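The values are calculated or read from the model by the stated rules, or taken from the named source; none is laboratory data. None of these values were measured; they are calculated from a predicted model. Every residue, glycine among them, receives a Cβ derived from its backbone with ideal geometry; neighbour counts consider all protein chains shown.
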């Protein structure tokens, strides 16, 4: 229980002053003087009906508000800030932490990060938005301590979220405490904190409030400085290039532009003009983000996303109807992590996934209640909020409505996955609306208070009834029937958690009732302190489980990494067992409670090997960005396996420079060895095979027409491990020797000797931006073994060089830097 005398770690005297100041600072004057919010607010002070205090008092109020927000974030994530623990859920462990180490290694090696040699025999890195190469905060990983830089790039966005939303709401002339309330609901709410393990979405969403703030300011009073600021912040989102978040940002500012235009003296003209301005802002923002956008669009055409996904993949992680109840009862579907163990009984609502994409959409009971109250007062703009909410809900529901199927059939929604992420724009609009209603509550609007109070009382009564029923035998039976459970220790644990959740919901509701009932009390300072403490405590308590932490040592290379040779750049690993997630032995290892992520770490499951400087090949394409030759090679591997060939992996390991193949250890033997503590387990063994080279001369050329030919030959014949399959006229290749190899991220130099007309195989993924020369003369690369490349080598000794350079990156970077210089120049030198 959090004591009201020590809120957020502050003394009661300090807390009293902070929240009293938040209530007293009634103008929209703010300390963000550089942004011009203060001037706009002062122009509207006389229209607000408030009694303005001195400007210095208002600045002090904002400073206290911002300080309290920063302090709350610091306390909530202090263990990560000081480096004791770190976030680990989902993609953080398996992708982002190791992938950004690759980026750091390339830059520290003195090269531009065009090419990533660690994944799938090489893949583009700068062109792939998943790596956020051009996003400024990504560069924090270049700090002397990688772990510190990695943690800071996440934590800074948590600070940015609360401060950006506070600035937006203050610019809308809300009282400081109302703005503080909205900032907490956004930055410490379930929707935003669910994105911590989805870094591209987090990095984009963090800039949404500032984007909206300056777009709004510009549309209300057009001026070049606000136009530049809007382009800068929206442009930063384009530098991250997370498509669904950008689309939602564009939809939000587009809807607001239509709303402002409709409210003008000439509605049609106003709407057309505002949409034209939004188009101009968007185009300029795209120019700011051109460094990422241009190569990313090009990369789409060369990758898995160039082909439509199956509808089952597109509709995966569609938000179930029941998830709307989370806005009132945050744990009605289960818990993401209790002592690092997921107890999510609503997993059946996500077929094939078992857990939600957005861990929670809870943003506070008061936030939901105030939105409901807004329906009774119907203020200006409420219909726009309703329209945004409905559109957001329809998109987030995905496969649960016919809309997604229609969009898919029309070829519109064929490469965008996981509809649940579209809930963001609706929740964002709802938070702003709730903050406006909270401001009206502070101003003495009894209709808002009474409507919100009635809603909260109703939800509290329901929670109380379920709390009472929860202690009857009937509750457990009904609970297990609803969620498709059979009696077991796990089911009993979930029933107990559900009982506790209803109890907490009743307590939460009672606290919200008290806040609303006492809103008009004459002891406003005490009410402010109590309300602030309860709002913060509610959000922190509920969302703490969304981002569980692991100790710092979890991110060190596992013990098994030390068993590999030191020359780790010379070979790759085929992590076969990563493909077998549905097999019985995999289910056993991944049903080990709080040790599951230790199993991932200790087993070096992709893409974690990169953190130990180990390269992998023939992996699953988790983010669907692999180049098409890689996809075709992977499909061929499993086609050959399905053909019944017993040693199906051997030819592919030979082609792929793979020296090690991962297989599961016996589960029962391993459990006995570690005495049931799977945090110390070694679930995978890496079988050493022949040390196949990455660059070698083929001894046989096999001409094929297509991938199916490739599969047919490998399924029926056992050829030399140095055979090369090519779409090229057949000839008998001469033998040759690779005398030396010097390889960096973007280059490879080979000293070779061919005893005749030979064929040099390069086990590196082919792409159009590779330039291969023999003794300085460019030669055509020939796709080899479906997923690699090779060249014909004339007799004699030669220097073969491979250079990877994507000129679109250079062009895009030039456009971005030029546009940024113009935008920042306007912000610095232009004065109204």
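Looking only at residues in the stretch 139-158 that are more than 19 Å from the chain's Cα centre (by Cα) and in a helix (DSSP H, G or I), the one that is farthest from residue 85 (Cα to Cα) is 142.
Restricting attention to the stretch 295-338, the residues that are in contact with a helix residue (DSSP H, G or I) (Cβ under 6 Å, 6 or more places away or on another chain) and part of a loop (DSSP other than H, G, I, E, B) add up to 11. Among the candidates 678, 710, 725, the residue that is assigned by TED's automatic domain parsing to the domain that holds residue 567 and within 43 Å of the chain's Cα centre (by Cα) is uniquely 678. Does residue 162 meet the test of being surrounded by 24 or more Cβ atoms within 10 Å (Cβ to Cβ), modelled with pLDDT of 95 or more, assigned to a helix (DSSP H, G or I) and more than 17 Å from the chain's Cα centre (by Cα)? Yes. A single entry from 661, 665, 671, 642 fulfils the requirement of being within 19 Å of residue 707 (Cβ to Cβ) and either crowded, with 16+ Cβ neighbours inside 10 Å or assigned by TED's automatic domain parsing to the domain that holds residue 603 (or both): 642.
Residue check: is residue 764 modelled with pLDDT of 95 or more, assigned to a helix (DSSP H, G or I), surrounded by 13 or more Cβ atoms within 10 Å (Cβ to Cβ) and within 37 Å of the chain's Cα centre (by Cα)?
On the way: modelled with pLDDT of 95 or more: yes; assigned to a helix (DSSP H, G or I): no; surrounded by 13 or more Cβ atoms within 10 Å (Cβ to Cβ): yes; within 37 Å of the chain's Cα centre (by Cα): yes.
The answer is no for residue 764.
Among residues that are in a helix (DSSP H, G or I) and either surrounded by fewer than 20 Cβ atoms within 10 Å (Cβ to Cβ) or touching a strand residue (DSSP E or B) at 6+ places or on another chain (Cβ under 8 Å) (or both), residue 384 is included. Yes or no: residue 186 over 20 Å from residue 230 (Cβ atoms) and surrounded by 24 or more Cβ atoms within 10 Å (Cβ to Cβ)? No: the conditions fail for residue 186. Filtered by the rule that a residue be closer than 19 Å to residue 661 by Cβ and surrounded by fewer than 22 Cβ atoms within 10 Å (Cβ to Cβ), the stretch 620-633 gives a lone residue, 620.
Which of the residues spanning the stretch 775-807 are surrounded by fewer than 20 Cβ atoms within 10 Å (Cβ to Cβ) and not in a strand (DSSP E or B)? Selection gives 775, 776, 780, 781, 794, 795, 805, 807.
When residues in the stretch 500-525 are screened for being part of a helix (DSSP H, G or I) and in contact with a helix residue (DSSP H, G or I) (Cβ under 7 Å, 6 or more places away or on another chain), 15 of them pass.
Please specify each residue of the stretch 543-565 satisfying the condition of being over 28 Å from the mean Cα position of the chain (by Cα) and either farther than 25 Å from residue 680 by Cβ or part of a helix (DSSP H, G or I) (or both). Give the derivation first.
Filtering the stretch 543-565 down to residues over 28 Å from the mean Cα position of the chain (by Cα) leaves 559-560, 562-565.
559, 560, 562, 563 - these are the residues of the stretch 543-565 that are over 28 Å from the mean Cα position of the chain (by Cα) and either farther than 25 Å from residue 680 by Cβ or part of a helix (DSSP H, G or I) (or both).
State all residues of the stretch 464-505 that are over 33 Å from the mean Cα position of the chain (by Cα) and under 26 Å from residue 368 (Cβ atoms); if no residue qualifies, say none. Across the stretch 464-505, the qualifying residues are 464, 465, 466, 467, 468, 469, 470, 475, 478.
Can residue 272 be described as surrounded by fewer than 19 Cβ atoms within 10 Å (Cβ to Cβ) and either part of a helix (DSSP H, G or I) or at pLDDT 95 or above (or both)?
yes
Summed over the stretch 600-632, the residues that are over 24 Å from residue 554 (Cα atoms) and outside any strand (DSSP E or B) give a count of 10. For the stretch 739-756, the condition of being under 20 Å from residue 783 (Cβ atoms) and surrounded by fewer than 20 Cβ atoms within 10 Å (Cβ to Cβ) holds for none of the residues.
Report, by residue number, each residue of the stretch 308-336 that is touching a residue at least 40 places away in the same chain (Cβ under 8 Å) and under 26 Å from residue 632 (Cβ atoms). Residues satisfying the conditions are 308, 309, 311, 312, 313, 314, 315, 316.
One line per residue, one yes/no per condition, for (1) under 30 Å from residue 402 (Cα atoms); (2) part of a helix (DSSP H, G or I):
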site: 422; (1), (2): yes, yes
site: 425; (1), (2): yes, yes
site: 434; (1), (2): no, yes
site: 450; (1), (2): no, yes
site: 453; (1), (2): no, yes
site: 467; (1), (2): no, yes
site: 475; (1), (2): no, yes
site: 487; (1), (2): no, no
site: 496; (1), (2): no, yes
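Report whether or not residue 509 is buried (at least 23 other Cβ atoms within 10 Å of the Cβ) and within 20 Å of residue 367 (Cβ to Cβ). Spelling it out, residue 509 is indeed buried (at least 23 other Cβ atoms within 10 Å of the Cβ) and within 20 Å of residue 367 (Cβ to Cβ). Of the set (1) in contact with a helix residue (DSSP H, G or I) (Cβ under 6 Å, 6 or more places away or on another chain); (2) in a loop (DSSP other than H, G, I, E, B), all apply to residue 540 but (2). State whether the residues of the stretch 126-142 include one that is surrounded by fewer than 17 Cβ atoms within 10 Å (Cβ to Cβ) and closer than 30 Å to residue 213 by Cα. Yes, there is a match, as at least one residue in the stretch 126-142 is surrounded by fewer than 17 Cβ atoms within 10 Å (Cβ to Cβ) and closer than 30 Å to residue 213 by Cα. Of the helices (runs of 4 or more DSSP H) lying entirely inside the stretch 20-128, the ones with 3 or more residues being touching a helix residue (DSSP H, G or I) at 6+ places or on another chain (Cβ under 9 Å), over 30 Å from residue 616 (Cβ atoms) and modelled with pLDDT of 95 or more are found at 55-76.
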